[in-house]
Amino acid sequence: MIRRIWDVTLTVRDLEQAVKFYRDVLGLELKYVFGDYAGFDIGGVEFGLKTWGELEPPRKGEPVVNFLVDDVDRTCKELSARGVQFTAGPEDTPWGGRIALFKDPDGNTLQLTQLDWRKYFSTCARGG
């Protein structure tokens, strides 16, 4: 049976450029680079970058990597100062989240989420 998420991996064009973005701009902890793959640790889950795969649009079924943060507005200000351009938000959701969307240099969609846990669990308990 499934025990936990081992990793989430995205395709990038230039591994060195992508590593700089995720390490230096977003502040993720780089574990290793091996050939055409880089692995970061995010709370015990590996976040990977690879250079094989398709990046050309349309990217059907494109995943959204969702990063949990304590304060979306503060994080947006910090990342904006580092050159990140947000495509949406910050905005509140009906399920207790406050979210903001942006893209990495290769067009992968990334999301910041701050949760009002009380509202989130209340919404989940009601089934939406």
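The values are calculated or read from the model by the stated rules, or taken from the named source; none is laboratory data. Remember, predicted model here, so these are calculated numbers, not experimental data. Ideal geometry is used to build each Cβ from the backbone, glycine not excepted, and the neighbour counts take in all protein chains shown.
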Practice problem: Please go through region 77-94 and pick out each residue that is under 24 Å from residue 120 (Cα atoms), touching a helix residue (DSSP H, G or I) at 6+ places or on another chain (Cβ under 8 Å) and exposed (fewer than 15 other Cβ atoms within 10 Å of the Cβ). | Solution: 94
Quiz item: Is at least one residue of region 20-28 over 23 Å from residue 115 (Cβ atoms), among the hydroxyl-bearing types (Ser, Thr, Tyr) and either outside the structural domain of residue 88 (by TED's automatic domain parsing) or at pLDDT below 90 (or both)?
Solution: no
Quiz item: Which residues, taken from region 102-120, are without any contact (Cβ under 8 Å) to a residue 24 or more places away in the chain and either touching a Lys or Arg at 6+ places or on another chain (Cβ under 7 Å) or of a type in the set (A, V, I, L, M, F, W, C) (or both)?
Solution: 102, 117
Quiz prompt | Residue check for residue 71: within 19 Å of residue 26 (Cβ to Cβ) and exposed (fewer than 15 other Cβ atoms within 10 Å of the Cβ) | solution = yes
Quiz item: Can we say residue 33 is of a type outside the set (S, T, N, Q), out of contact with any helix residue (DSSP H, G or I) (no Cβ under 6 Å at 6 or more places or on another chain) and either surrounded by fewer than 16 Cβ atoms within 10 Å (Cβ to Cβ) or assigned by TED's automatic domain parsing to the domain that holds residue 68 (or both)?
Solution: yes
Quiz item: Mind checking which residues of region 84-128 are part of a loop (DSSP other than H, G, I, E, B) and over 13 Å from residue 68 (Cβ atoms)?
Solution: 84, 85, 93, 94, 95, 104, 105, 106, 107, 108, 127, 128
Practice problem: Please specify each residue of region 1-45 satisfying the condition of being within 19 Å of residue 107 (Cα to Cα), in contact (Cβ under 8 Å) with a residue 40 or more places away in the chain, in a loop (DSSP other than H, G, I, E, B) and under 15 Å from the mean Cα position of the chain (by Cα). | Solution: 12, 26
Quiz item: Which residues, taken from region 59-97, are among the acidic types (Asp, Glu) and at pLDDT below 90?
Solution: 62
